[in-house]
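The values are calculated or read from the model by the stated rules, or taken from the named source; none is laboratory data. Given the structure is predicted, the values throughout are model-derived calculations rather than measurements. Note that each Cβ is placed from the backbone with ideal geometry, even for glycine, and that neighbours are counted across all protein chains shown. Note: areas computed on protein heavy atoms with side chains; ligands, DNA, RNA excluded. Shrake-Rupley method; radii C 1.70, N 1.55, O 1.52, S 1.80 Å.
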Amino acid sequence: MKIVPSLTDISQLTSSWKKQGQTISLVPTMGCLHEGHLSLMRKAKDMGGKVIVSIFVNPLQFGPNEDLASYPRQFVIDCELAENEGVDAVFCPENKYMYGDSFQTAVTVSKLSQGMCGKDRPGHFDGVSTVVAKLFNLTRADSAVFGQKDFQQLAVIRQLVKDLNFPIQIIGSPIVREDDGLAMSSRNKYLHGDSRQQALCLYSSIIAARELVTESRDKILAQTVIEQTKEIIARAGAALEYAVLKDESTLLDDVVVSSDSILVLAAKIDGTVRLIDNGRLFPD
Ligand code: AMP
């Protein structure tokens with residue numbers, strides 16, 4: 001497996017692969033890899049060509065009071081994990097080369113970046129869209145795999161690709177959870193003891209919403225699901241940042257629960273650790 005820190009080298013490597021007729025699948029990450037990331041790599045491998053994993057803690061997507069400096073990093077372990085999955089190259093650019101002193105461009109997906117995480121984290125999705133556009137151009141990937149855990153991010157990236165005609169296929173991959181249901185996240189490293197227990201309230205509220213929906217014969221208002229979610233999160237002692245019911249195909253807010261409804265939520269655990277989760281309310 002090649003470890004490629006240089007922007008020029010990754011472009012040269014991908015050009016040489018293209019000349020050989022290879023296809024390329026990209027898995028963008030911020031490192032501190034876990035099973036969720038590895039599942040994306042397996043999906044990328046299934047595409048049959050070369051696989052690049054990018055590891056870059058992108059400063060553009062962190063707000064001034066967020067955890068950029070303390071974000072967990074474990075580069076050597078990450079490379080071992082990627083190599084074990086048969087990844088062909090890890091692209092690990094340095095910040096100063098991704099965003100030189102003269103850097104001044106931003107990519108904005110205007111409507112989809114508003115609300116939900118966009119409201120709590122102003123500028124976050126501009127940072128994501130900008131780095132993803134750069135990664136697509138540098139790697140010339142034919143496909144890229146993203147986790148459905150980041151529901152809004154996936155929607156933003158699909159829109160970006162459509163609007164700017166990137167010649168790339170975007171593949172969404174299901175959420176990987178711990179045995180007790182907690183969605184895997186690099187930020188779970190911040191959780192210990194009571195806060196680890198408290199973090200379960202996100203998944204519990206998705207399960208409770210599913211129960212509400214399957215046990216009822218009548219139509220259920222989105223507001224009823226949201227009220228129940230608020231109660232569960234508050235009872236656990238966590239701070240809900242948002243809970244919304246979205247139609248998975250239109251991405252509009254649901255008023256009434258339907259077979260396309262997906263509960264999307266974010267909460268702060270222990271006052272500090274911000275976690276996100278989502279789940280469909282009807283079985284697939
Ligand atoms: P991150 O390193 O947190 O920026 O995540 C990199 C990619 O991994 C994103 O596409 C995430 O949606 C995806 N991802 C993170 N956690 C999970 C998970 N538990 N299950 C599936 N995909 C995930």
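Accessible surface calculations at 1.4 Å, restricted to protein heavy atoms, place region 186-279 at 50 Å² per residue. A Gaussian network model of the chain, with springs between Cα atoms under 10 Å, assigns the largest mean-square fluctuation among D260, D46, D67 to D46. Taking the 1.4 Å solvent-accessible surface of the chain as the whole, the part contributed by carbon and sulfur is 50%. Entry comment: accessible area of region 2-173 is 47 Å² per residue, from protein heavy atoms only and a probe of 1.4 Å. For Q169, the residues whose modelled amide H falls within less than 5 Å of its own, excluding neighbours fewer than 5 places apart on the same chain, are S143, A144. With both labels modelled 7 Å from their Cα along Cα-to-Cβ, the D179 to K19 distance reads 5.1 nm. For K19, a cut-off of 16 angstrom between C-alpha atoms picks up these lysines, skipping any fewer than 8 places away in its own chain: K50. For the pair D163 and K119 in one chain, pulling the backbone fully straight at 0.36 nm per residue adds 13.6 nm over the alpha carbon distance.
With contacts defined as alpha carbon pairs under 8 Å and 6 or more residues apart, what's the relative contact order of region 2-173 in percent? Write out the running numbers ahead of the final one.
Values: 271 pairs, mean separation 51.4, N = 172.
Across region 2-173, relative contact order equals 30 percent.
Placing unit charges on the Cβ atoms only, positive for Lys and Arg and negative for Asp and Glu, gives the chain a dipole magnitude near 640 debye about its Cα centre. The stretch between D194 and I77 holds 39.4 nm of extra length on full extension. This uses 0.36 nm per residue minus the Cα-Cα distance. The charge dipole of region 186-279, taken about its Cα centre with unit charges on the Cβ of Lys, Arg, Asp and Glu (plus for the first two, minus for the last two), comes to roughly 400 debye. Translational diffusion coefficient of region 217-284 (Stokes-Einstein, Kirkwood radius from Cα pairs, 4 °C, 1.567 mPa s): 104 µm²/s. Kirkwood-type hydrodynamic radius, region 1-99: 14.1 Å, calculated from all non-identical alpha-carbon pairs. Taking only the Cα atoms of region 160-276, the radius of gyration and Dmax are 15.9, 47 Å. In straight-distance terms, cross-link reach from K111 covers every one of the lysines whose alpha-carbon lies under 28 Å from its own, apart from those fewer than eight places away in the same chain; here that gives K119, K134, K149, K162, K230, K246, K268.
Quick one: Cα centre-to-centre distance for region 158-183 and region 3-67, in angstrom? Distance between centres, Cα-based: 14 Å.
Taking every protein chain into account, the 1.4 Å probe leaves L68 with about 60 Å² of accessible area, to the nearest ten.
Scanning residues 5 or more positions from R177 or on other chains, those with amide H under 5 Å from its amide H are M184, with H placed 1.01 Å from N in the peptide plane. The Cα atoms of region 2-173 define a convex hull whose projected area, averaged across directions, is 9.6 nm².
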